[in-house]
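Structure first, commentary second.
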Amino acid sequence: MRFDHYRLTFGVWAFLAAFTLGTQPSVATEGARKLPAPEISEELTIPRKTVDVLGSQISYLELGAGVPVVFIHGNPTSSYLWRNVMPYVANSRRAIAVDLIGMGRSSKPNIEYTFEDHYRHFSAFIDALGIGELTLVGHDWGATLAWEYARRNPQRVKRLAFMEGVLPPAFPAPSFEAMGPEMEKMFRAFKDPIEGPRIVMDENMFVEQVLPGFVNRTLGDEAMRIYRAPFSLREDRKPVLAWPREVPIGGEPESTTTVLHNVSDFMAKTDMPVLLLYAEPGAVVPPAAVDWYVGRIANLETNFVGQGLHYIQEDHPDAVGRAIADWIRRN
């Protein structure tokens with residue numbers, strides 16, 4: 001079955017592309033409500049720890065005890081994204097949310113921040129904590145890391161939950177042109193040696209525009225302060241630029257193209273319990289993509305969390321947390 005992801009999500013991605021192209025699209029406005037809007041806490045109360053990994057320090061949040069459940073964020077977020085989700089899992093498990101290398105409060109070594117760099121540090125982080133069996137929960141590029149770690153370590157990963165992942169069927173993209181004119185222009189800009197650094201490193205576009213633009217509610221001052229903190233200096237934003245350049249388009253980069261093809265094959269073979277959480281309209285995993293995953297992954301459950309774009313943990317942390325905790329209990 002051919003899944004034309006790019007056409008189905010054109011409107012959502014055009015929203016993101018508008019930031020790159022210098023226009024400001026409108027966001028959803030709140031209408032009359034029968035019930036008050038849910039309050040999303042922006043306070044971080046979960047203890048933070050650090051561990052030495054490959055000559056750097058990896059920062060992470062930890063709550064609860066028992067078999068570990070490891071939460072992996074994507075671009076340009078951090079462990080903070082999971083603050084309101086972790087307590088649901090920590091009632092019966094050891095919930096751990098990592099700051100990927102160069103992000104959050106983790107060290108910022110002088111590396112290229114390729115997918116393989118992130119994978120190497122993440123894998124070493126799991127080893128440094130002495131974790132054996134575990135459950136993985138991933139978002140955005142964190143979902144890609146989770147699937148690749150499960151593929152390479154099937155004996156250790158007992159369950160995997162993911163949402164809004166940089167994954168098949170959307171990626172690898174066959175070409176820039178196949179992505180539609182708005183996405184083509186946006187990703188060509190990211191990969192351009194002049195435009196990419198200008199919009200991502202000089203203008204801090206991912207933190208200042210993409211992140212708040214892809215949360216349905218308005219992020220408050222505290223959330224924005226915490227999300228901005230790791231990237232206050234231009235040179236700190238190197239990982240943020242590296243991520244979109246790792247998106248495989250037309251076979252390049254070859255490394256991530258291979259990773260995603262291998263992950264797609266693994267999805268079709270694994271029998272581990274998998275949970276897909278999705279929102280409407282979503283961004284990289286719209287509801288229309290769910291059937292592809294259902295047909296691909298044998299032991300898959302799906303859970304619709306409500307209206308949302310890409311960073312659904314900031315709009316529906318209770319729904320996400322309850323769904324993951326209940327799925328773990330049943331599997």
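Values computed for the structure shown
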read-out: Residue under evaluation I226, criteria (1) open to solvent by less than 20 Å² (accessible area, probe 1.4 Å); (2) assigned to a helix (DSSP H, G or I); (3) within 29 Å of V305 (Cβ to Cβ), criterion not met; value: (1)
read-out: Residues satisfying the stated conditions in the range 46-56, i.e. open to solvent by 60 Å² or more (accessible area, probe 1.4 Å) and either of a type in the set (G, A, S) or in contact with a strand residue (DSSP E or B) (Cβ under 9 Å, 6 or more places away or on another chain) (or both); value: P47, R48, K49, T50, D52, G55
read-out: Residue in the range 159-175 that is part of a helix (DSSP H, G or I), more than 29 Å from R93 (Cβ to Cβ) and modelled with pLDDT under 95 present; value: no
read-out: Residue within the range 80-92 that is free of Cβ contacts under 8 Å to residues at least 40 places away in the same chain and under 27 Å from V210 (Cα atoms) present; value: no
read-out: Residue in the range 126-140 that is buried (at least 20 other Cβ atoms within 10 Å of the Cβ) and assigned to a helix (DSSP H, G or I) present; value: yes
read-out: Residue match in the range 30-50 (condition: within 22 Å of Y149 (Cβ to Cβ), at pLDDT 95 or above and outside any strand (DSSP E or B)); value: no
read-out: Filtered residues of the range 57-79 (kept if open to solvent by less than 10 Å² (accessible area, probe 1.4 Å), part of a strand (DSSP E or B) and free of Cβ contacts under 8 Å to residues at least 60 places away in the same chain); value: S59, L61
read-out: Selected residue (criterion: surrounded by the most Cβ atoms within 10 Å (Cβ to Cβ)) from residues of the range 284-297 that are under 18 Å from V137 (Cα atoms) and either of a type in the set (F, W, Y) or in contact with an Asp or Glu (Cβ under 6 Å, 6 or more places away or on another chain) (or both); value: V285
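Residue-by-condition table, conditions (1) farther than 26 Å from Q307 by Cβ; (2) free of Cβ contacts under 8 Å to residues at least 60 places away in the same chain; (3) open to solvent by 40 Å² or more (accessible area, probe 1.4 Å); (4) not hydroxyl-bearing (S, T, Y):
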{"site": "E164", "(1), (2), (3), (4)": "no, no, no, yes"}
{"site": "A178", "(1), (2), (3), (4)": "yes, no, no, yes"}
{"site": "E182", "(1), (2), (3), (4)": "no, no, yes, yes"}
{"site": "I199", "(1), (2), (3), (4)": "yes, no, no, yes"}
{"site": "D202", "(1), (2), (3), (4)": "yes, yes, yes, yes"}
{"site": "V207", "(1), (2), (3), (4)": "no, no, no, yes"}
{"site": "F214", "(1), (2), (3), (4)": "no, no, no, yes"}
{"site": "R217", "(1), (2), (3), (4)": "no, no, yes, yes"}
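The values are calculated or read from the model by the stated rules, or taken from the named source; none is laboratory data. All figures in this text were calculated on a predicted structure; none of them were measured in a lab. Because the Cβ atoms are built from the backbone with ideal geometry, glycine has one as well, and the counts that use them run over all protein chains shown. Calculation scope for accessible area: heavy atoms of the full protein, side chains included, ligands and nucleic acids excluded. Shrake-Rupley method; radii C 1.70, N 1.55, O 1.52, S 1.80 Å.
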